[in-house]
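The values are calculated or read from the model by the stated rules, or taken from the named source; none is laboratory data. Remember, predicted model here, so these are calculated numbers, not experimental data. In this analysis, Cβ positions are derived from the backbone assuming ideal geometry, glycine residues included, and neighbour counts consider all displayed protein chains. These accessible areas exclude ligands, DNA and RNA; they are computed on the full protein's heavy atoms, side chains included. Shrake-Rupley method; radii C 1.70, N 1.55, O 1.52, S 1.80 Å.
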Amino acid sequence: WSSDVCSSDLWLQHDGCSGGLVETGTRLDLDSELKGDETVVSRGAGCPPTGAVELWTIQDGEHSPNLSAAFAPTIIDFLERHPKRS
């Protein structure tokens, strides 16, 4: 582990993705302190069907955001769409 390696890079490697993160054009409203859809969704390119990497970046947000009511159902939906391998 190196301080210059992002956790998303480690997950891309772990999941066998052949590319880096690419912005999807999807925006979410996950920070209750910021107006509108402030969160940019980036997805790993070239991931196999058994892998999925997403980075949700809250633009102009704090390190510890005040999560909106939309956060929990959004993260649960992601996890259900990408079940853990057994």
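Of all residues in region 53-69 being assigned to a loop (DSSP other than H, G, I, E, B) and in contact with a strand residue (DSSP E or B) (Cβ under 7 Å, 6 or more places away or on another chain), which is nearest to GLN13 (Cα to Cα)? Break it down into steps so the answer makes sense when it comes.
Here is the first cut: in region 53-69, the ones assigned to a loop (DSSP other than H, G, I, E, B) are 53, 59-66, 68-69.
Filter once more, keeping what is in contact with a strand residue (DSSP E or B) (Cβ under 7 Å, 6 or more places away or on another chain): 53, 59, 61, 65-66, 68.
Details: VAL53: 10, GLN59: 25, GLY61: 27, PRO65: 28, ASN66: 30, SER68: 31 Å.
For region 53-69, the residue satisfying everything is VAL53.
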Query raised in the report: Restricting region 55-86 to residues that are under 12 Å from the mean Cα position of the chain (by Cα) and among the aliphatic types (A, V, I, L, M), which is farthest from GLY36 (Cα to Cα)?
Result: LEU79
Report task. Would you check which residues across region 1-23 are open to solvent by 60 Å² or more (accessible area, probe 1.4 Å) and modelled with pLDDT under 90 and list them? Result -> TRP1, SER3, ASP4, CYS6, SER7
Query - Identity of the residue in region 5-40, aliphatic (A, V, I, L, M) and part of a strand (DSSP E or B), that ends up nearest to THR74 (Cα to Cα) - result: LEU28
Requested in this report: For ARG43, indicate whether it is part of a strand (DSSP E or B) and either in contact with a Cys (Cβ under 7 Å, 6 or more places away or on another chain) or over 27 Å from ARG85 (Cα atoms) (or both).
Outcome: no
Requested in this report: Hey, could you check region 29-49 for residues that are surrounded by fewer than 17 Cβ atoms within 10 Å (Cβ to Cβ) and among the aliphatic types (A, V, I, L, M) and say which is nearest to HIS63 (Cα to Cα)?
Outcome: VAL40
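Okay, residues lined up against (1) in contact with a helix residue (DSSP H, G or I) (Cβ under 8 Å, 6 or more places away or on another chain); (2) of a type outside the set (D, E, K, R); (3) touching a residue at least 12 places away in the same chain (Cβ under 8 Å):
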| residue | (1), (2), (3) |
| --- | --- |
| THR24 | no, yes, yes |
| GLU33 | no, no, yes |
| GLY44 | yes, yes, yes |
| THR50 | no, yes, yes |
